[in-house]
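Participant: The structure's right below; bear with me while I get my questions together.
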Amino acid sequence: MGKKARELVKDFADELIKLLNKAYADELIAVFYYKHAAKMAKGLNAPNVASALEKAAKDEEEHADELAERIIQLGGEPIRDFSKIVPEANCPKVDLPDDWSNLKAILRAVIDAERCAIDVYQKIIDWLKNVGRDPVTWHVVRHIMQEEMEHEEMFETILGEDY
Ligand SMILES: [Fe+2]
Ligand SMILES: [Fe+2]
């Protein structure tokens, strides 16, 4: 970041980097569990569920990259120690079922994860509103949040029942 850009965020960059790093941890965790569930899902509808999980995992990976890029621009470093990923996360686990043929339980766990992510980004947006002058991070987070909402809807539609 250049001098002027640093000046604009200097009062709050450290705290913002922490918030973005926690979201970064959430995204990496989602990639891990979604890809795992996509491989393990069994049953007649498993290919549909797996392809939605693969699609979401790809988006979550992009989110992690976008957050990492912004963290670096702000003068920080994305979490470098993998053992910190779970303790730093807001949503540390996707609570998948033991029975991989229970596609509804897989979908409910993933919907919970998407809802957790929506809350995380809503909180960061509220926090940024108070700070009032970081349109660049705002744009990144707003874009990610929109995709989390699309994921929630996609998985709700596949589940096909009220949850
Ligand atoms: Fe995400
Ligand atoms: Fe998502």
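Quick note: the coordinates plus some simple rules give every number you see, no bench work behind them. Note that the structure is predicted; figures quoted are calculated from it, not measured. Please note: Cβ atoms are built from the backbone with ideal geometry, for glycine as well, and neighbour counts cover all protein chains shown.
Participant: Output yes when any residue across region 27-47 is more than 10 Å from ligand 1 (Cβ to nearest atom), of a type in the set (Lys, Arg) and within 18 Å of His143 (Cβ to Cβ), and no when none is.
Facilitator: Checked against the condition, which is being more than 10 Å from ligand 1 (Cβ to nearest atom), of a type in the set (Lys, Arg) and within 18 Å of His143 (Cβ to Cβ), region 27-47 yields no hits at all.
Participant: Filter region 1-32 down to residues that are out of contact with any Asp or Glu (no Cβ under 8 Å at 6 or more places or on another chain) and small (Gly, Ala, Ser) and give me whichever is surrounded by the fewest Cβ atoms within 10 Å (Cβ to Cβ).
Facilitator: Gly2
Participant: Next question, about the same structure. What is the residue count in region 1-50 for residues that are among the basic types (Lys, Arg), assigned to a helix (DSSP H, G or I), within 14 Å of Leu96 (Cβ to Cβ) and more than 16 Å from ligand 2 (Cβ to nearest atom)? Walk me through how you get there before you give the answer.
Facilitator: Of all residues in region 1-50, those among the basic types (Lys, Arg) come to 3-4, 6, 10, 18, 22, 35, 39, 42.
Restricting the remaining residues to those that are assigned to a helix (DSSP H, G or I) gives 3-4, 6, 18, 22, 35, 39.
Within this subset, residues satisfying the condition of being within 14 Å of Leu96 (Cβ to Cβ) are 35, 39.
Applying the additional criterion that residues be more than 16 Å from ligand 2 (Cβ to nearest atom) yields 39.
Matching residues across region 1-50 total 1.
Participant: Considering only residues of region 151-163 that are surrounded by fewer than 14 Cβ atoms within 10 Å (Cβ to Cβ) and either acidic (Asp, Glu) or more than 29 Å from Ser51 (Cβ to Cβ) (or both), which is nearest to ligand 1 (Cβ to nearest atom)? Steps first, answer last, please.
Facilitator: Step one: filter region 151-163 for residues surrounded by fewer than 14 Cβ atoms within 10 Å (Cβ to Cβ), giving 153, 157, 160-163.
Now narrow it down to the ones that are either acidic (Asp, Glu) or more than 29 Å from Ser51 (Cβ to Cβ) (or both): 153, 161-162.
Working: Glu153: 14, Glu161: 24, Asp162: 24 Å.
Applying the filter and picking the extreme gives Glu153.
Participant: Further question on the same structure: Looking only at region 33-51, count every residue that is surrounded by fewer than 20 Cβ atoms within 10 Å (Cβ to Cβ) and touching a residue at least 40 places away in the same chain (Cβ under 8 Å) and tell me the total.
Facilitator: Step one: filter region 33-51 for residues surrounded by fewer than 20 Cβ atoms within 10 Å (Cβ to Cβ), giving 35-36, 39-40, 42-48, 51.
Right, trim to touching a residue at least 40 places away in the same chain (Cβ under 8 Å) and you get 36, 40, 42-43, 45-46, 48.
Of the residues in region 33-51, 7 are surrounded by fewer than 20 Cβ atoms within 10 Å (Cβ to Cβ) and touching a residue at least 40 places away in the same chain (Cβ under 8 Å).
Participant: Output the residues belonging to region 60-102 that are away from ligand 1 (no atom under 16 Å from the Cβ) and of a type in the set (D, E, K, R).
Facilitator: Within region 60-102, Glu77, Arg80, Asp81, Lys84, Asp95, Asp98, Asp99 meet the criteria.
Participant: Among the residues of region 124-138, is any of a type outside the set (Ser, Thr, Tyr), away from ligand 2 (no atom under 16 Å from the Cβ), outside any helix (DSSP H, G or I) and buried (at least 17 other Cβ atoms within 10 Å of the Cβ)?
Facilitator: Among the residues of region 124-138, at least one is of a type outside the set (Ser, Thr, Tyr), away from ligand 2 (no atom under 16 Å from the Cβ), outside any helix (DSSP H, G or I) and buried (at least 17 other Cβ atoms within 10 Å of the Cβ), which makes the answer yes.
Per-residue answers, yes or no, for (1) surrounded by 13 or more Cβ atoms within 10 Å (Cβ to Cβ); (2) part of a helix (DSSP H, G or I):
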| residue | (1), (2) |
| --- | --- |
| Ala68 | yes, yes |
| Ile79 | yes, no |
| Val94 | yes, no |
| Asp98 | no, no |
| Arg108 | yes, yes |
| Ala117 | yes, yes |
| Val120 | yes, yes |
| Val141 | yes, yes |
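Participant: Just to be sure I understand the filter: pairs with C-beta atoms under 7 Å, separated by 6 or more residues or on different chains, first member in region 147-163 and within 20 Å of Leu44 (Cβ to Cβ), second member not in a helix (DSSP H, G or I). Which pairs pass?
Facilitator: Once the first residue is within 20 Å of Leu44 (Cβ to Cβ) and sits in region 147-163, its partners that are not in a helix (DSSP H, G or I) give Glu156/Tyr163.
Participant: If you don't mind, another one. Pairs needed: first member in region 62-81, farther than 21 Å from Gly2 by Cα; second member anywhere, part of a loop (DSSP other than H, G, I, E, B); C-beta distance under 9 Å; at least 6 residues apart or different chains.
Facilitator: Filtered contacts from region 62-81: Ala64/Pro78.
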